[in-house]
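To keep things clear, I will list the structure first and then write my remarks on it.
Every number in this text was worked out from the coordinates using simple rules, so none of it is lab data. Treat the numbers as computed from the prediction; the structure is a model and nothing was measured. Cβ atoms come from the backbone with ideal geometry, glycine included; neighbour counts cover every protein chain shown.
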Number of protein chains: 2
Amino acid sequence: MRIDSVDFFYVAMPEVTLDADGSQDALVVRVTADGHVGWGECEASPLTSIAAFVTPRSHGACLPVADSVLGERIDSPADIDRIQALVRRNSMDLLQAAHTFSGIEIALWDLLGKVREEPVWRLLGFDRAHAKTPYASALFGATPQETLEKGRELTARGFRAVKYGWAGFGEGTAAADADQLHAAREGIGPDALLLVDAGQVWGADVEAAEARLAALQDVRATWIEEPFEADEYGAYAALGAAAARTGSVRVAGGEAAHSEALARTLLDYGHVGYLQVDTGRIGGIGPAHRAALYADRAGATFVNHTFTTHLALSASLQPFAGLADHRICEFPAEPRQLAIDLTRDHLPIVDGELTLPDAPGLGVEVDQEALVTYRRDVEILVDGEVLFAAPEPRAVTAAAR
Amino acid sequence: MRIDSVDFFYVAMPEVTLDADGSQDALVVRVTADGHVGWGECEASPLTSIAAFVTPRSHGACLPVADSVLGERIDSPADIDRIQALVRRNSMDLLQAAHTFSGIEIALWDLLGKVREEPVWRLLGFDRAHAKTPYASALFGATPQETLEKGRELTARGFRAVKYGWAGFGEGTAAADADQLHAAREGIGPDALLLVDAGQVWGADVEAAEARLAALQDVRATWIEEPFEADEYGAYAALGAAAARTGSVRVAGGEAAHSEALARTLLDYGHVGYLQVDTGRIGGIGPAHRAALYADRAGATFVNHTFTTHLALSASLQPFAGLADHRICEFPAEPRQLAIDLTRDHLPIVDGELTLPDAPGLGVEVDQEALVTYRRDVEILVDGEVLFAAPEPRAVTAAAR
């Protein structure tokens, strides 16, 4: 097969707020090859990622992503890796390229899985998809009481693990954070796993992060996530060492890794206990899969990072579906309506566990009506030539039926 | 002062080829604050970088770069750092933001220097700008004979150091590369410094790079640059150790670092001997300056990476102008006409040495006629609203007179 087309669909809620909630918009990618179709999703600024696909070339190592994708053969997983290598070489100086290509790469796996009538996890070499324990990913409440009530509600919905983050955590005193942490533990009860996301709030300030370790240990938090800016590997290593001295809390990070090598760096140099990879940023399913195997060999635990739709959720679970010991998975528990409406299928939680379906490709169908409902109309012109125009919704819907 | 406007000027040669030559286009940035003007340049895909400035927000940690810049106060270098921190936080999930902001940051330093009537290097705390030894940055010839002739021509022009790179180097046999290296040494003569740029050609293959060490040592190369993909820090460390066993060749890298932390990682974990920073990518002059001081403390040598205009050249030399021991600097020796025409001033090489002027700001004036001549007309619309339209050249020219 040969890649005939790559279409980008930028969708968004009517109002996009300042909440740290990544489900307010999405960039959905459709790839076609010889009449076959695959779908993927970038976890990225939609307009910027579209621009990286269509931009005029700057020089031989700064080509638009399109130049390495359109017209390429896609017959096997090796072709996907080959195309990725082309993008990395030809778009070396185009920073956004990794985010743009991630959604395309995911769509290529979906397409290949549908053609072969196999789930992606089987194409990756796994015998089976093991059940995972999804954690509900939520923002801290505005007050400890709200945090407590969120915890009650989420565990009542069947979650055995809850992650809180953002919403001012880490910005005030350590005492205020401790109040939030105790409220969180009280809300979810003694048995559920408690995870905490600092959202890079301490920059590279190891001391500020260390000041929270005692409270994290008190409430038996499993991890403290993204204490620092994503590339402050030295700070990660220092906090990890301090946490190991204190008790059982571990450092987690990796969602911003936009290459396999950066994920490896966070393991080998930053010594995180939990490697969290966003398949929609790292370059797609292939690099995420190799990062998962690498984390496993390094004695760390691989976890997906997913804050958007069930298309992205399926894509982010495939890379470690067959690794039985890597049990925790992120589950977007408070998505905006867009993220719900965007797929016809939703991965169900049964008895507090989530298992990927044994269905072709990603096993999640995009609801193309949602692409119409939430559509943002983008047009990019250079020297009067239209380099990008949002695909017509009607045509999309018709083509897919 | 308050930042009133940020304008982007995308200029390009009429034909942009596949050569690994970054001088074929440019993204020039003009910032105004209370009637004062500063100019900067991003070393980045122009259209993609513009999109990152104007894109609609995705969520609270994925805002357009504009939201952290427009309307901000700019009265001191501390304000520039503060704005950078805002961008890093508010655009955490917007990968291209670092490239976009780099040009803005440079323009802010230029503006501040003009207001204070001081060169940027003095605002950075340096007493004087030391003379540097510029190396001519050139591509290998198609044949060893061409490489030899280029070397003769460049040393005849007064260069005491020449860097060759790309154009197939590393893609064939080690013997073919050795032929090129010997031709290079013969061309530049026994006394000039010889530098070699592998352009990431070996991916993460340490063995392939090691196979070239003997020839590099034979021709007394000073460094082997970017042997691997930019984030393959482990491979950098391994080759560096092998080179140290072999002789005096050192590993160089860093041009792709899009944050200060990544530059530090290349030093502390990748153990490069030469840290090459592109001020137009790392986030601007402030992060480049801190990286230079860090390299100095780490016992490594800081070098600018510059392949475009003399505006970019001045911006990239300011961060280490006062560090006398860091003598080598990159000088784009084969620029396209655009890169020559874009500035009225050009930094002269006198007796094989280059010294930054003691002139306000960057000391290099943009030729606004060139912004007209080479202009690429960009228009970006979302939902029918024009988010970006290329500034009118006539208005630009008029405003600046």
Semi-axes of the range A:266-401 from the Cα gyration tensor (sqrt of 5 times each eigenvalue, largest first, whole Å) come to 32, 20, 13
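Filter the trypsin sites (Lys or Arg not before Pro) in the range A:153-182 down to the DSSP loop ones having no more than 16 other Cβ atoms within 10 Å, then list what survives. Mind showing how you got there, number by number?
On the way: sites: A:R157, A:R160, A:K163; in loops: A:R157, A:R160.
Loop-located and lightly packed - A:R157.
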Quick calc, the protein assembly as shown, dipole around Cα centre from Cβ unit charges on Lys, Arg (+) and Asp, Glu (-), nearest 20 debye, gives 960 debye
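When N counts the residues of the range A:1-96, how does its alpha-carbon radius of gyration compare numerically with 2.2 N^0.38 Å, as a ratio?
Against the compact-globule rule of thumb, the ratio is 1.18.
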If labels are modelled 7 Å from Cα along the Cβ direction, A:A78 lies from its partners in the other copies at nm distances, smallest first, of 6.1
At q = 0.10, 0.11, 0.20, 0.22 Å⁻¹, the log10 of I(q)/I(0) for the range A:179-296 from a Debye sum over equal Cα scatterers comes to -0.29, -0.35, -1.03, -1.16
Karplus ³J(HN,Hα) for the range B:77-84 (6.51 cos²θ - 1.76 cosθ + 1.60, θ = phi - 60°; Hz, whole; x = Gly/Pro) runs x, 4, 5, 5, 4, 5, 5, 4
Restricting to lysines and to Cα separations under 25 Å from A:K150, and discarding same-chain partners fewer than 8 apart, the set is A:K132, A:K163
Spelling it out for A:K132: with amide H atoms placed in the peptide plane at 1.01 Å from N, the residues 5 or more places away or on another chain with amide H under 5 Å from its amide H are A:L354, A:T355
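Which value, in nm² and rounded to one decimal, describes the direction-averaged projected area of the C-alpha convex hull of the range A:18-58? The partial results should precede the final answer.
Values: hull surface 17.3 nm².
Averaging across all directions leaves 4.3 nm² for the Cα convex hull.
How large is Rg over Rh for the range A:107-183, taking Rg from the Cα atoms and Rh as the Kirkwood inverse mean of 1/r across Cα pairs? Before the final figure, lay out each step's value.
On the way: Rg = 19.3 Å, Rh = 15.4 Å.
We get a ratio of 1.25 for the range A:107-183.
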In whole angstrom, the spacing between the Cα centers of the range B:73-93 and the range B:201-269 equals 32 Å
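Loop-only GluC sites (Glu not before Pro) in the range B:96-168, please: DSSP not H, G, I, E or B, and at most 13 other Cβ atoms within 10 Å. Each step should come with its number before you reach the end.
Values: sites: B:E105, B:E117, B:E146, B:E149, B:E153; in loops: B:E117.
Of the GluC sites (Glu not before Pro), the ones in loops of the range B:96-168 whose Cβ has at most 13 other Cβ atoms within 10 Å are B:E117.
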The set of residues whose placed amide H lies less than 5 Å from the amide H of A:G361, leaving out same-chain residues fewer than 5 positions away, is A:G113, A:K114, A:E118, A:V120
Cα extents of the range B:162-210 along the principal axes, largest first, in whole Å, come to 32, 19, 17
Here the tail fraction of P(r) beyond 15 Å, over all Cα-Cα pairs of the range A:72-143, rounds in percent to 66 percent
Bounding extents of the range B:101-234 in its principal axis frame from Cα atoms, largest first in Å, are 55, 38, 23
Taking every residue of B:16-23, the Cβ atoms of other protein chains inside 10 Å of its Cβ average out to 5
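Mind jotting down a quarter of the surface of the convex hull over the alpha carbons of the protein assembly as shown, in square nanometres, one decimal?
On the way: hull surface 126.3 nm².
Seen from a random direction, the Cα hull of the protein assembly as shown projects 31.6 nm² on average.
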Rg/Rh over Cα atoms for the range B:31-154, Kirkwood Rh, comes to 1.13
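What does the convex hull of the Cα atoms of the range B:277-346 come to per residue, in Å³, rounded to a whole number? Write down the numbers at each step before the final one.
Values: hull volume 5.8 nm³, N = 70.
Each residue corresponds to 83 Å³ of Cα convex hull volume.
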Treating every alpha carbon of the range A:109-150 as one equal point scatterer without solvent, the Debye formula yields log10 I(q)/I(0) values at q = 0.19, 0.33, 0.34 Å⁻¹ of -0.65, -1.01, -1.04
With DSSP loop assignment and no more than 10 other C-beta atoms within 10 Å, the GluC sites (Glu not before Pro) in the range A:1-73 are A:E15
Fewest to most Cβ atoms within 10 Å: B:L239, A:L338, B:L70 sort as B:L70, A:L338, B:L239
One decimal, nm, nearest first: from A:H346 to the same residue in each other copy, label points 7 Å out along Cα→Cβ, the values are 6.5
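Taking all pairs of distinct Cα atoms, average 1/r, flip it, and tell me the Kirkwood hydrodynamic radius of the range B:57-109 in Å to one decimal place. Intermediate results must be reported in sequence, preceding the final value.
On the way: mean 1/r = 0.0911 Å⁻¹.
One over the average 1/r among Cα pairs gives 11.0 Å for the range B:57-109.
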For B:A242, inter-copy label-point distances (7 Å, Cα→Cβ), nm, shortest first, read 3.9
Inverse of <1/r> over all distinct C-alpha pairs of chain A, i.e. the Kirkwood Rh in Å, gives 21.4 Å
Amide H proximity to A:E334 below 5 Å, modelled H, separation 5+ or other chain, gives A:S137
